[in-house]
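Novice: Structure in structure tokens, see below.
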Amino acid sequence: TWQDDNGYQIGTTYWFKWEPITWKILDVKDGKAMLLSNLVIDAQPFYRSAAYRPGPPRIYANNYEHSDVRTWLNNTFINKTFTEAEKNTIATTLVDNSLASTGHEEKGYGEQAAPYICNDTNDWVFLLSYVEATNANYPGQGSSYYRKKTATDYAYSQGVYRNTQWGTSPYLLRSPFYNAGANSYCLDSDGLGRVTDANSMYSGIAPVMWVTL
């Protein structure tokens, strides 16, 4: 991780100010708003191992349905972040994990070019897909300049990478990289799509959710 590069040492106690998350509105429809965190708020691996689970069926480390980051978002994050009243405004979303959401035309990925299979999921909180992250219909998402994000001090302490030139950090996407089962996509510190290891803390977390207005 980048903890020591960011000035944090294992075995040392640090204190952080707890502040409200600020959100960017990406879309509004049917009485709901799609929100994206303005900051990279934490660092979590997509999955704790780069190895695939043999199954059957074989599950690659970059399968969002079975990822650790999805579990973290919909358990630890949501329960630590929101009051019960706030949680009641967060809508359950049918998250599109189809091949089309990844931006790929190829029908295979992983060490054996296995067919891309990731079921759609029902989530309160999720990560952007590659197609959503670069959707020009969402404010600013069509431009790599406006897709760049800074991270919280806490995210730096957890090991997210910090670009010292721009002061920005990468954040995970839920889409897999098509020809490596141990890689997923992120928006890098320059706002462009890059590949990251599924078990890496290089990329941080920018949560997404739909809330009832």
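The values are calculated or read from the model by the stated rules, or taken from the named source; none is laboratory data. Because the structure is a prediction, the values reported are computed rather than measured. Note: ideal-geometry Cβ built from the backbone for every residue, glycine included; neighbour counts use all protein chains shown. Areas reflect the complete protein model, heavy atoms only, side chains present, ligands, DNA and RNA absent. Shrake-Rupley method; radii C 1.70, N 1.55, O 1.52, S 1.80 Å.
Novice: Is there any pair with a first residue in region 83-98 that is under 14 Å from residue 35 (Cβ atoms) and in contact (Cβ under 8 Å) with a residue 12 or more places away in the chain and a second that is open to solvent by less than 20 Å² (accessible area, probe 1.4 Å) and not hydrophobic (A, V, I, L, M, F, W, C) whose Cβ atoms are under 6 Å apart and which are 6 or more apart or on different chains, and what are they?
Specialist: Pairs found: 93/123.
Novice: Which one of these is among the β-branched types (Val, Ile, Thr) and out of contact with any helix residue (DSSP H, G or I) (no Cβ under 9 Å at 6 or more places or on another chain): 25, 41, 21?
Specialist: From the options 25, 41, 21, the qualifying one is 25.
Novice: Could you check how many residues of region 136-173 are surrounded by 15 or more Cβ atoms within 10 Å (Cβ to Cβ) and free of Cβ contacts under 8 Å to residues at least 12 places away in the same chain?
Specialist: Summing the residues that are surrounded by 15 or more Cβ atoms within 10 Å (Cβ to Cβ) and free of Cβ contacts under 8 Å to residues at least 12 places away in the same chain in region 136-173 gives 0.
Novice: Does region 167-192 hold any residues that are among the aliphatic types (A, V, I, L, M) and in contact with a Leu (Cβ under 6 Å, 6 or more places away or on another chain), and which are they?
Specialist: Listed by number, the residues that qualify are 172, 173.
Novice: Okay, next question. Looking only at region 22-31, decide whether some residue is outside any strand (DSSP E or B) and in contact with a strand residue (DSSP E or B) (Cβ under 8 Å, 6 or more places away or on another chain).
Specialist: yes
Novice: Continuing with the same structure: Residue 45: open to solvent by less than 70 Å² (accessible area, probe 1.4 Å), within 19 Å of residue 184 (Cβ to Cβ) and assigned to a loop (DSSP other than H, G, I, E, B), yes or no?
Specialist: Yes; evaluated as a whole, the condition is true for this residue.
Novice: Of the conditions (1) touching a residue at least 24 places away in the same chain (Cβ under 8 Å); (2) more than 16 Å from residue 152 (Cα to Cα), residue 186 satisfies every one except a single condition; which number is it?
Specialist: Failed condition: (1).
Novice: If I go through region 18-34 residue by residue, how many of them are charged (D, E, K, R), open to solvent by 90 Å² or more (accessible area, probe 1.4 Å) and either touching a residue at least 40 places away in the same chain (Cβ under 8 Å) or within 20 Å of residue 169 (Cα to Cα) (or both)?
Specialist: 1
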